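Take a look at the structure set out below.
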Amino acid sequence: MNANIDPEQKALVTIERTVSQSRATELTEVTEYDGAGVLCPVQAHGEIVPVKPAGLSAEQENEIHGQAAEFIEMIRSDPNNWRIQGLIFNLGQEVVDGANVHVGLYEEKMGAVLKDVTGDSSPVTGDILATKAQLDLINPSVLSQQTITEKVGRIFKKTVKRLPKGDEILRTIAERRETVKSTVNGLKRQMNTHTDAIIKHSAELGVICDNLKELQPGLHAEIYKGQVIWKGLQDFYLAMDDGIEKENVSNLLADLAT
């Protein structure tokens, strides 16, 4: 990199490079359902259709259908088994737990970043406010509106207020110049410090997002498996005679759809 490039420009280039290092690609457009983001379109409970994920291989698809067939057969052989409901609610739980860990890390990191950058205790925020206040001290427009109180009269003194003259404004600016310069330099130091912090935060957030993206295929596969199981159970349910077993399967279908 050219040594003549401005340090701030160098920092921006470094940040952009760090952000662009994300390895995993987006697998799907995130849609919204009931105020929350979802990985795939949410289907109505009674109209679920298995939708094969785009990245699923033939071998993975066969494995999923095999697992689904085993699960369906377990229900067919004993629809009254009370343990089945627990198994349904645990479908895909391992990959969901893994995703939740990284979501929690992401939220925690984002909270720390926002607090560090925009919080009331942020040194950057404090220095920006201090700099603004100092700049007002040497702003000719502000100084020209600030009245001066002085004593006039040779014998009988009286107090009057007046606006400052041009040379008085210039003298005030000169007197305060070093104080303002010191404040601005302090802000520069804080910004440089936070440049390093931002790069570190970006790298950490990038790793968390990469891990979340890499979990997406597993999440899609588990959703697909649940859809395949639901469709198989629905076919079994429609062929059953009325009775307690059919009612139990109906409840399992509702649990699975949920």
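The values are calculated or read from the model by the stated rules, or taken from the named source; none is laboratory data. It should be emphasised that the depicted structure is a prediction, and the values quoted were computed from it without experimental measurement. Ideal geometry is used to build each Cβ from the backbone, glycine not excepted, and the neighbour counts take in all protein chains shown. SASA here: full protein model, heavy atoms, side chains in, ligands and nucleic acids out. Shrake-Rupley method; radii C 1.70, N 1.55, O 1.52, S 1.80 Å.
Some values worked out for this structure:
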| item | result |
| --- | --- |
| Across Lys109/Lys231; Lys213/Lys246; Lys109/Lys188; Lys115/Lys213, pairs whose alpha-carbon gap is larger than 32 Å | Lys109/Lys231; Lys213/Lys246 |
| Highest to lowest packing among 80-89, 63-72, scored as the average C-beta count within 10 Å | 63-72, 80-89 |
| Å² of accessible area per residue within the range 142-258, as computed with a 1.4 Å probe and no ligands counted | 63 |
